[in-house]
Amino acid sequence: ANHSKGNSKGSFELPEIKFTKHFINGQFVDSISGKTFETRDPRNGEVIAHIAEGHKEDIDLAVKAAREAFDHGKWPRMSGYERGRIMSKFADLIEEHIEELAALDGVDGGKLFTIGKIMDIPGCIHMLRYYAGAADKIHGETLKIAGEYQGHTLKEPIGVAGIIIPWNFPSTLFFVKVSPALAAGCTMVVKPAEQTPLSALFYAHLAKQAGIPDGVINVVNGFGSEAGAALASHMDVDKIAFTGSPEVGRLIMKASAESNLKTVSLELGGKSPLIIFDDADVDMAVNLARMAIFFNKGEICVAGSRVYVQEGIYDEFVKKAAEAAKSWVVGDPFDPTVQQGPQVDKKQFERVLKYIEHGKTEGATLLTGGKPYGETGYYIEPTIFTDVKENMLIAQDEIFGPVMSLMKFKTVEEAIERANCTRYGLAAGIVTKDLNIANWVARSVRAGTIWINCYFAFDPDCPFGGYKMSGFGRDQGLHAIEKYLQVKSVITPL
Ligand code: NAD
């Protein structure tokens, strides 16, 4: 129990939970079935709210509202400038509620309140403003066509977008998808994760206040196998934008294939390598590695979960990494001195502990951590394994918890080969002073984001997504808008 200086009992009053129903066609409504499900505080497992539980009939209602708003409403037809103006107002309203929104994600997901206030929620505002500024810059091309024709392309919104997101960044991932969809002129149905249903409802309320017309953003909470599956297989949904696990990504593609062949974009998991070379400043590298895996309690798709350290500094790194993990502060996410809150729920908590047991039985050495932390709640000690082999489950599977696998390498070629040896390809980190090596590795690692001498640096302008089984399509950046657009060729004789 030498991990915590924080107060795991809970030092913060619950924020008022104002919204628990679905948001459909501009109104908060109960489920047609009248059913609700519980959302819990991971600090103690207590129920914090009963949330309307969406089923197929609720999804049908939400899709109908989105369809109507798309086919006959103002949003797809107004100028991009006007859409951008309303989106900016939406961003301004979020800015007035930063604390409340960070608190909702804190009690719902065990996320650090302070980080929510300075990173997650301001990041959402930034995302929304970025796409607000892009909404009036969506345009086609003129075409000179052989045989005395001329033509042009029109970019049109794709239609009704279905947006399905996970629980680890409930606010950020909402805006990563919703913002470009709004800029494109789409209407949408959002299905948040069942573990973190709260903040999306608050955003829907603020969207209405900002002047986004009814039916443009609909939010239906509920379980993936019910509400999520109904959205993915809906005949009147034109696109699914998904972030989550590869297993569910497959189900979503299958649902599209077996319904109306809607387009699909998938942002899936990761098992990202952080490669540290002999010339690195060891203290800086240890700090970076610690943050890369323990930030957001390891519940981050780009977590640097495989740390490769070159042999010359390996022993020193191991010693310092153990100390760094021990001084990482676990505790109540509302305590500003705490660096790691509880895992999102009991299921995730047990899943991570099971992987830790696997690591031990597979023959890896438990350097530090490895146990639940505290008496109540879903806290886990920052954990490091050494002597990890590539064929072990803990080196291949996404654990989605505070578990680092530490490995030693000799040459650049070996580091590249081992970095590429999982089925994932979401991100990678490189620590070296040698820019030639950094660029060589950056070109050779098959991953969508490469950080050199940094980690977790994000911006709405940086495309984000995966290679291999980490998915396809890119979120963020201007071309993410293309995912929510159709291109039409219009041809006339000269
Ligand atoms: P998950 O795939 O189980 O759930 C994600 C969402 O899909 C939830 O809203 C869930 O309700 C829904 N869902 C579940 N079954 C469904 C079905 N049959 N049809 C339609 N929707 C369904 O993932 P999770 O465990 O909640 O989240 C963790 C995963 O998300 C990890 O693998 C992580 O790497 C990934 N993730 C990826 C990114 C990224 O950008 N690449 C970001 C965050 C998380």
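Bear in mind these aren't lab numbers, they're just calculated from the coordinates by the rules spelled out. The structure presented is a predicted model; accordingly, all values stated were derived computationally and were not measured. Cβ placement follows ideal geometry from the backbone for every residue including glycine, while neighbour counts extend to all protein chains displayed.
Among residues other than G45 with Cβ under 9 Å from its Cβ, the summed charge is 0 (Lys and Arg +1, Asp and Glu -1). Give the shape of the range 1-145 as rounded, prolate or oblate, defined through the alpha-carbon gyration tensor: a ≥ b ≥ c are the square roots of its eigenvalues, a/c under 1.5 means rounded, and otherwise the shape is prolate if a/b is larger than b/c and oblate if not. Here the range 1-145 falls in the oblate category. A Stokes-Einstein calculation at 4 °C with viscosity 1.567 mPa s, built on the Kirkwood radius of the range 110-149 over Cα pairs, returns a diffusion coefficient of 95 µm²/s.
Using alpha carbons only, the radius of gyration of the range 20-78 set against its Kirkwood radius gives Rg/Rh = 1.15. In a simple Cβ point-charge model (Lys, Arg +1; Asp, Glu -1; nothing else charged), the range 274-432 has a dipole of about 400 debye relative to its Cα centre. Convex hull volume of the C-alpha atoms in the range 380-456, normalised per residue: 109 Å³. Measuring between alpha carbons in the structure, the pairs from K297/K468; K191/K254; K297/K326; K297/K389; K155/K254 lying more than 20 angstrom apart are K297/K468; K297/K389; K155/K254. Near I300, once Lys and Arg are set to +1 and Asp and Glu to -1 for all other residues with Cβ below 11 Å from its Cβ, the sum equals 0. For the range 408-494, the alpha-carbon coordinates run over 64, 25, 24 Å along the three principal axes, in decreasing order. Sites count as exposed loop sites when they are GluC sites (Glu not before Pro), lie in a DSSP loop, and have at most 15 other Cβ atoms within 10 angstrom; the longest stretch of the chain without one is 149-374. Placing unit charges on the Cβ atoms of the charged side chains and taking the dipole of the chain about its Cα centre, the candidate lying farthest along the positive direction among I212, L393, P76 is P76. Computed about the Cα centre, the dipole magnitude for the chain is approximately 700 debye when only Lys and Arg (+1) and Asp and Glu (-1) carry charge, each at its Cβ. So if I take the centroid of the Cα atoms in the range 411-488 and the same for the range 235-275, what is the distance between those two points in Å? With the range 411-488 and the range 235-275 each reduced to a Cα centre, they are spaced 19 Å. From largest to smallest, the equivalent ellipsoid semi-axes obtained for the range 235-337 from the alpha-carbon gyration tensor read 39, 18, 9 Å.
Taking a ≥ b ≥ c as the square roots of the Cα gyration tensor eigenvalues, with a/c under 1.5 meaning rounded and otherwise prolate when a/b beats b/c, else oblate, which class fits the range 192-245? In terms of gyration-tensor shape, oblate. Shown for the range 323-375 is the translational diffusion coefficient from the Stokes-Einstein equation, using the Kirkwood radius over Cα pairs, a temperature of 37 °C and a viscosity of 0.692 mPa s: 262 µm²/s. Under a model in which nothing but the beta-carbon of Lys, Arg (+1) and Asp, Glu (-1) is charged, the range 382-494 shows a dipole of about 200 debye around its Cα centre.
For E141, neighbours were defined as the other residues whose beta-carbon sits under 12 Å from its Cβ, and their charges (Lys and Arg +1, Asp and Glu -1) total +3. If one computes the Cα centroid of the range 160-232 and of the range 74-100, what distance in Å separates the two points? So the two Cα centres are separated by 15 Å. Taking 0.692 mPa s as the viscosity and 37 °C as the temperature, the Stokes-Einstein diffusion coefficient of the range 347-494 based on its alpha-carbon Kirkwood radius rounds to 181 µm²/s.
Each part reduced to its alpha carbon centroid, the range 18-34 and the range 316-385 end up 38 Å apart. With distances taken between every two different alpha-carbon atoms, the chain has a Kirkwood hydrodynamic radius of 23.3 Å.
For the range 151-227, what class follows from the C-alpha gyration tensor (a ≥ b ≥ c being the square roots of its eigenvalues): rounded when a/c is under 1.5, otherwise prolate if a/b is larger than b/c, else oblate? Verdict is prolate for the range 151-227.
When shorter helices are ignored and each DSSP H run of at least 4 residues is given -39500 (n - 2.57), the per-residue value for the chain at 222 nm works out to -11000 deg cm²/dmol. Find, among the trypsin sites (Lys or Arg not before Pro) in the range 106-144, those assigned to loop by DSSP (not H, G, I, E, B) with at most 13 other beta-carbon atoms within 10 angstrom. Loop-located and lightly packed - K137.
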